[in-house]
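**Student:** Got a structure for you, written out below as structure tokens; questions coming shortly.
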Amino acid sequence: MLRTHTCGELRAEHDGQRVTLCGWVDTYRDHSGVLFVDLRDRYGKTQVVFAPEGGGNALAQAKLLRGEDVISIAGAVAPRPEGTKNPKMATGEIEVRAQHLEVLNKSQNPPFHPTAKELPGEDLRLKHRYLDLRRPKMQQTLMLRHRIVKIMRDYIDELGFIDIETPMLGRSTPEGARDYLVPSRVQPGAFYALPQSPQLYKQILMVAGYDRYSQIARCFRDEDLRADRQPEFTQLDLEMSFIDADDIMGVIDGLVARLAKEILGIELTLPLPRMTYDEAMERFGHDAPDLRFGMELIDLTDIAREAGFQVFRNTAEGGGRVRGINAKGAADRYSRKLIDELTRFVCEDFGARGLAWFKVDAEGKLASPIAKNFSEDSLAQIAERMEAEPGDLLLFVADRFDVTCKALNALRKRLAGELKLYKPGDMHFSWVVEFPMFERDDETGGWAAMHHPFTAPRKQDFDLLDTAPQQCRAQAYDLVINGMEAGGGTIRIHNSDVQSKVFRLLGIDEATAEDRFGFLLEALQYGAPPHGGIALGLDRVVTLFGGGDSIRDVIAFPKTQRATDLMTGAPGQVDIRQLKELGLNVPR
RNA sequence: GGGGGCGUAGCUCAAUUGGUUAGAGUACUGGACUGUCGAUCCAGUGGUUGCGGGUUCGAGUCCCGUCGCCCUCGCCA
């Protein structure tokens with residue numbers, strides 16, 4: 001046995017015990033006659049003392065130690081002398097008086113030290129990820145991830161779900177995200193696709209009678225990266241039979257409550273609040289609203305029609321909307337220059353044509369360069385509708401509905417951050433339900449599935465499939481945490497007639513449907529039970545529960561924005577012979 | 001594909017309007033020190049200012065291109 005204890009567990013009660021510790025040299029303090037080493041492993045740090053009394057040549061050896069050397073020390077646990085205890089360390093009551101030192105492996109001078117005060121650039125951290133992962137923060141995060149996965153697995157096991165693995169090598173389905181493709185050697189010119197999700201397989205499993213399936217599944221999407229998007233990511237994937245949307249949400253409510261309690265120590269009231277998609281778009285302009293703060297979108301279209309201000313009136317009369325938000329007490333904080341920057345923000349990044357604004361003066365009157373265009377009466381109506389009080393800053397966008405949503409949602413989130421409308425530890429969990437079945441496909445002008453083409457419409461909306469598809473709402477539900485989509489799911493279509501109708505609406509003809517999903521359509525004809533499911537984004541959940549802001553920090557080996565691995569150099573060139581075997585001819 | 005930010009010593013950063021030999025902290029190397037804990041003190045090594053080109057008497061600084069990382073719009077059923 002190389003070690004008897006970890007570097008995090010020794011306490012005063014171990015006084016006198018002879019122990020062996022292994023770990024990395026965190027810091028060393030050489031006082032000539034006595035030398036201290038803080039020895040680190042993922043459990044913590046322990047102070048090791050090398051002194052002449054230790055005997056042998058341990059002290060002389062210790063003088064050669066440097067940061068990140070891997071060592072083993074044997075010695076006796078002793079309480080620290082009075083006045084030298086360190087309350088900042090969990091093991092600060094004691095120290096280990098080293099009698100023997102073995103250098104297991106010297107380290108080169110590392111490009112950065114895992115416990116340095118200043119965090120190095122992310123690219124350097126990724127290049128030397130083994131050093132970065134030695135950082136206590138990263139170790140805590142990966143251990144948090146483990147705990148969350150354990151809670152998830154235990155919970156769904158208690159509910160009778162069984163874990164079934166589905167293939168990584170599957171079939172490409174051109175809908176949705178771009179696939180990662182894997183060439184087949186045995187069939188030159190043919191390709192597998194890595195799964196974007198186990199969607200089709202888990203539906204097949206329902207047909208097969210495994211009424212409660214779950215998997216912690218790796219998924220792949222070849223799309224551009226973001227702080228919350230990686231090309232490969234992990235989902236807690238579930239599917240159930242003989243259930244409705246309430247049942248699925250109930251299962252996840254229970255899981256979220258358990259996670260909140262065990263990870264955060266928060267008691268949640270269940271069921272988690274629910275809001276329809278339409279309400280979310282109306283009140284917040286986004287389908288994953290951040291409910292940690294208010295500052296809701298307020299509609300002024302009716303007032304705008306009569307207000308006299310040309311821009312507002314034209315928008316209102318042209319079928320657009322005039323909506324705004326009230327940044328309470330923010331008037332002083334936002335100078336003309338800063339408001340110009342907000343204007344640039346909503347116009348350049350979110351397509352708004354302008355940003356109208358008023359500051360509410362001490363008398364409660366609306367002041368703005370555009371105020372002269374409004375009648376006194378209109379200004380009063382606007383003030384009342386916006387619940388304006390002295391010191392408030394009112395901001396308005398007049399445009400198509402979708403533009404007001406995008407612009408005001410972005411503005412609302414930005415202002416909330418700048419005005420600190422929520423605290424770092426705040427958490428808010430909710431559901432957004434009843435998404436539209438279809439949205440307009442900008443490229444083809446036809447309908448596109450908002451979720452995926454197997455999503456079932458609400459029962460009362462079945463007839464709308466024929467008459468007014470745009471009004472048709474899906475049995476869909478998204479879990480939203482702090483304004484981030486943490487997961488989503490739907491009740492699936494288990495009837496092949498309905499499925500065919502949906503395919504027709506999506507412009508997928510019979511031959512195409514047969515070619516791509518024939519196996520599923522066929523399966524649906526052999527006794528498919530009513531079923532549905534959900535997938536939670538594990539990386540996002542861990543990020544949110546850990547209070548971080550990038551999923552890269554909760555993934556051991558993430559990719560950069562250009563989807564490269566800075567440590568291994570992936571993706572890389574391959575041997576020409578490999579390409580030949582695969583029947584591939586690519587430009588180099 | 002578009003917009004933006006950043007790139008200076010191993011690391012984190014500074015460098016006035018374009019102006020002397022590009023600095024500081026830390027790390028590293030050597031020395032001093034028997035109770036430190038971000039040890040301290042003394043001395044030292046360390047630079048193709050990402051790369052290429054241009055403007056200029058003179059470029060870390062300005063211009064063009066390019067590479068890398070990050071943010072973001074599009075995209076992500």
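The values are calculated or read from the model by the stated rules, or taken from the named source; none is laboratory data. Owing to the predicted nature of the structure, the values given are computational and were not obtained by experimental measurement. Every residue, glycine as well, gets a Cβ built from its backbone with ideal geometry; the counts of neighbours run over all protein chains shown. With ligands, DNA and RNA removed, areas are computed over all heavy atoms of the protein, side chains included. Shrake-Rupley method; radii C 1.70, N 1.55, O 1.52, S 1.80 Å.
**Student:** Do the conditions hold for A:Leu270, that is, is it touching a helix residue (DSSP H, G or I) at 6+ places or on another chain (Cβ under 7 Å), free of Cβ contacts under 8 Å to residues at least 40 places away in the same chain and either away from RNA strand B (no atom under 16 Å from the Cβ) or open to solvent by 40 Å² or more (accessible area, probe 1.4 Å) (or both)? Can you show your working first?
**Tutor:** Details: touching a helix residue (DSSP H, G or I) at 6+ places or on another chain (Cβ under 7 Å): yes; free of Cβ contacts under 8 Å to residues at least 40 places away in the same chain: yes; either away from RNA strand B (no atom under 16 Å from the Cβ) or open to solvent by 40 Å² or more (accessible area, probe 1.4 Å) (or both): yes.
When the stated conditions are applied, A:Leu270 passes them.
**Student:** Please specify each residue of region A:265-303 satisfying the condition of being more than 16 Å from A:Ser430 (Cβ to Cβ) and part of a helix (DSSP H, G or I).
**Tutor:** Answer for region A:265-303, where residues must be more than 16 Å from A:Ser430 (Cβ to Cβ) and part of a helix (DSSP H, G or I): A:Thr301, A:Asp302, A:Ile303.
**Student:** Then there's this: Does region A:198-215 contain any residue that is within 16 Å of RNA strand B (Cβ to nearest atom), assigned to a loop (DSSP other than H, G, I, E, B), touching a strand residue (DSSP E or B) at 6+ places or on another chain (Cβ under 8 Å) and without any contact (Cβ under 8 Å) to a residue 40 or more places away in the chain? Spell out how you get there, then give the answer.
**Tutor:** We begin by selecting, within region A:198-215, every residue within 16 Å of RNA strand B (Cβ to nearest atom); these are A:198-206, A:213, A:215.
From what is left, the residues that are assigned to a loop (DSSP other than H, G, I, E, B) are A:198.
Adding the requirement that they be touching a strand residue (DSSP E or B) at 6+ places or on another chain (Cβ under 8 Å) leaves A:198.
Now narrow it down to the ones that are without any contact (Cβ under 8 Å) to a residue 40 or more places away in the chain: A:198.
Yes, region A:198-215 contains at least one residue that is within 16 Å of RNA strand B (Cβ to nearest atom), assigned to a loop (DSSP other than H, G, I, E, B), touching a strand residue (DSSP E or B) at 6+ places or on another chain (Cβ under 8 Å) and without any contact (Cβ under 8 Å) to a residue 40 or more places away in the chain.
**Student:** Test of understanding: among A:Ile151, A:Ile164, which residue is more than 9 Å from RNA strand B (Cβ to nearest atom), in contact with a helix residue (DSSP H, G or I) (Cβ under 9 Å, 6 or more places away or on another chain), open to solvent by less than 20 Å² (accessible area, probe 1.4 Å) and within 30 Å of A:Asp565 (Cβ to Cβ)? Lay out the reasoning, then the answer.
**Tutor:** Numbers: A:Ile164 fails: open to solvent by less than 20 Å² (accessible area, probe 1.4 Å).
Just one listed residue meets the conditions, A:Ile151.
**Student:** Hey, another quick one. Of all residues being within 13 Å of RNA strand B (Cβ to nearest atom) and out of contact with any strand residue (DSSP E or B) (no Cβ under 8 Å at 6 or more places or on another chain) in region A:401-418, which is nearest to A:Gly320 (Cα to Cα)? Just the residue, please.
**Tutor:** Only one residue fits best here, namely A:Asp402.
**Student:** So which residues in region A:1-31 are of a type in the set (Lys, Arg) and either within 16 Å of RNA strand B (Cβ to nearest atom) or surrounded by 15 or more Cβ atoms within 10 Å (Cβ to Cβ) (or both), if there are any at all?
**Tutor:** Correct list: A:Arg3, A:Arg11, A:Arg29.
**Student:** Going through region A:520-553 one residue at a time, which ones are closer than 12 Å to A:Thr141 by Cα and either free of Cβ contacts under 8 Å to residues at least 60 places away in the same chain or open to solvent by 30 Å² or more (accessible area, probe 1.4 Å) (or both)?
**Tutor:** A:Gly546, A:Gly547, A:Gly548, A:Arg552, A:Asp553 - these are the residues of region A:520-553 that are closer than 12 Å to A:Thr141 by Cα and either free of Cβ contacts under 8 Å to residues at least 60 places away in the same chain or open to solvent by 30 Å² or more (accessible area, probe 1.4 Å) (or both).
**Student:** Right, here's the next one. Having 2 or more residues that are more than 9 Å from RNA strand B (Cβ to nearest atom) is the bar; report the helices (runs of 4 or more DSSP H) wholly within region A:43-134 that clear it.
**Tutor:** Numbers: elements: A:58-62, A:122-127, A:129-132.
By residue number, A:58-62, A:129-132.
**Student:** Quick one: which residue in A:Pro436, A:Pro469, A:Pro457, A:Pro424 is without any contact (Cβ under 8 Å) to a residue 40 or more places away in the chain and either within 23 Å of A:Ser500 (Cα to Cα) or under 28 Å from the mean Cα position of the chain (by Cα) (or both)? Steps first, please.
**Tutor:** Details: A:Pro436 fails: without any contact (Cβ under 8 Å) to a residue 40 or more places away in the chain; A:Pro457 fails: without any contact (Cβ under 8 Å) to a residue 40 or more places away in the chain; A:Pro424 fails: without any contact (Cβ under 8 Å) to a residue 40 or more places away in the chain.
Checking each option against the conditions leaves just A:Pro469.
**Student:** Still on this structure: Six or more apart or on different chains, Cβ atoms under 8 Å: show the pairs whose first residue is in region A:503-519 and over 11 Å from A:Pro453 (Cα atoms) and whose second is open to solvent by 20 Å² or more (accessible area, probe 1.4 Å) and assigned to a helix (DSSP H, G or I).
**Tutor:** Going by the 8 Å Cβ cut-off, the qualifying pairs are A:Glu510/A:Ser500; A:Glu514/A:Leu521; A:Phe519/A:Leu200; A:Phe519/A:Ile204.
**Student:** Let me ask something additional. Picking from A:Thr564, A:Thr568, which residue would you name as being more than 25 Å from A:Ser172 (Cα to Cα), out of contact with any helix residue (DSSP H, G or I) (no Cβ under 8 Å at 6 or more places or on another chain) and within 16 Å of RNA strand B (Cβ to nearest atom)?
**Tutor:** Residue meeting the stated conditions: A:Thr568.
**Student:** Within region A:456-468, can one find any residue that is open to solvent by 50 Å² or more (accessible area, probe 1.4 Å), closer than 24 Å to A:Met240 by Cα and within 16 Å of RNA strand B (Cβ to nearest atom)? Working first, answer last.
**Tutor:** So the first thing to find is which residues in region A:456-468 are open to solvent by 50 Å² or more (accessible area, probe 1.4 Å), and the list is A:458-460, A:462-463, A:466-467.
Keeping just the survivors that are closer than 24 Å to A:Met240 by Cα gives A:458-460, A:462.
In the following step, the residues that additionally are within 16 Å of RNA strand B (Cβ to nearest atom) were identified as none.
Within region A:456-468, not a single residue is open to solvent by 50 Å² or more (accessible area, probe 1.4 Å), closer than 24 Å to A:Met240 by Cα and within 16 Å of RNA strand B (Cβ to nearest atom).
**Student:** Against the conditions (1) out of contact with any strand residue (DSSP E or B) (no Cβ under 7 Å at 6 or more places or on another chain); (2) near RNA strand B (Cβ under 8 Å from one of its atoms), where does A:Val34 fall short? Just the number, please.
**Tutor:** Tallying (1) out of contact with any strand residue (DSSP E or B) (no Cβ under 7 Å at 6 or more places or on another chain); (2) near RNA strand B (Cβ under 8 Å from one of its atoms), A:Val34 fails exactly one: (1).
**Student:** Right, another one. Could you list, in sequence order, all residues of region A:333-364 that are out of contact with any strand residue (DSSP E or B) (no Cβ under 9 Å at 6 or more places or on another chain) and of a type in the set (Lys, Arg)?
**Tutor:** A:Arg336, A:Lys337, A:Arg344
Residues are listed down the side, and each one gets a yes or a no for (1) out of contact with any Asp or Glu (no Cβ under 9 Å at 6 or more places or on another chain); (2) of a type in the set (Lys, Arg); (3) more than 19 Å from A:Gly8 (Cβ to Cβ):
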| residue | (1), (2), (3) |
| --- | --- |
| A:Arg29 | no, yes, yes |
| A:Ser32 | yes, no, yes |
| A:Leu59 | yes, no, yes |
| A:Leu64 | yes, no, yes |
| A:Glu68 | no, no, no |
| A:Asn86 | no, no, no |
| A:Pro110 | no, no, yes |
